[in-house]
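Readers should treat all values here as calculations from the given coordinates under stated rules, not as data from a laboratory. If you're wondering where the values come from, they're calculated on a predicted model, not measured in any experiment. Please note: Cβ atoms are built from the backbone with ideal geometry, for glycine as well, and neighbour counts cover all protein chains shown.
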Amino acid sequence: MFEGRAGINGILLLNRLLLAGCFLPAAIGRVTNISGFAATLTMKGIPYGDVVATLIVLAEIFGPLALIFGLAPRLSASVLIGALVITTGTLHRFWDYGGLNRQAEQALFLSHLGVLAGLLFYAITGPGAWSWQAWWRGLGTGKAKPAKGKRKQPSRPRAAPRPRPAPARPPVEDEDEMADAA
């Protein structure tokens, strides 16, 4: 169905955009009322709720931007996974509720697990060729930049080295005479 590099890179780009879309609406809402978010975290038992809220908002703003552009895939996925685990484990504790509230919180909890799975796949597969990282390394153009510290290989093979003749040894007429001379 999706054959070739263009199809795979298109899917990886779509994955990054969809994952970023999962975080940005909540992050915008939290930025507009960060003190309320900090108070909610503090009421739920998170120590230093204002610091944690600030870190989560920063992660949820800059993490999706890194996802969109394909910057530092493992780092950005790890930061977003950390923020997701904290917010999901704190705000969507469905086991504390009953009735319709339990169902709603359980649905949110499970959907966040799906986003977590997407982030894990992103961390493993990387951003693909249609990303800033691939452009920076030269993967999208077919010409990769040489790694730092490595010597550039010659463009044509070198000729094989010529064999050296064995050192000449004086002819030995009688080995006993040589031993006596020593």
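Tell me whether the stretch 14-29 contains one or more residues that are over 30 Å from residue 135 (Cβ atoms), over 23 Å from the mean Cα position of the chain (by Cα) and surrounded by fewer than 19 Cβ atoms within 10 Å (Cβ to Cβ). The answer is yes; a qualifying residue exists.
Residue 69: of a type in the set (Phe, Trp, Tyr), farther than 22 Å from residue 107 by Cα and out of contact with any His (no Cβ under 9 Å at 6 or more places or on another chain), yes or no? So residue 69 passes the test.
Please go through the stretch 29-49 and give me each residue that is assigned to a helix (DSSP H, G or I) and β-branched (Val, Ile, Thr), ordered by number. So that I can check it myself, show each step before the final result.
The initial filter retains those residues of the stretch 29-49 that are assigned to a helix (DSSP H, G or I), namely 29-32, 34-43, 49.
Result: 31, 32, 34, 40, 42.
Just give me the residues in the stretch 25-79 being among the hydroxyl-bearing types (Ser, Thr, Tyr) and over 22 Å from residue 118 (Cα atoms), in sequence order. Passing the criteria: 32, 35, 40, 42, 48, 54. Consider residue 7 carefully, then state whether it is surrounded by 12 or more Cβ atoms within 10 Å (Cβ to Cβ) and assigned to a helix (DSSP H, G or I). Criteria not met by residue 7.
Among the residues of the stretch 30-49, the ones that are loosely packed, with under 15 Cβ neighbours inside 10 Å and basic (Lys, Arg) come to 1 in all.
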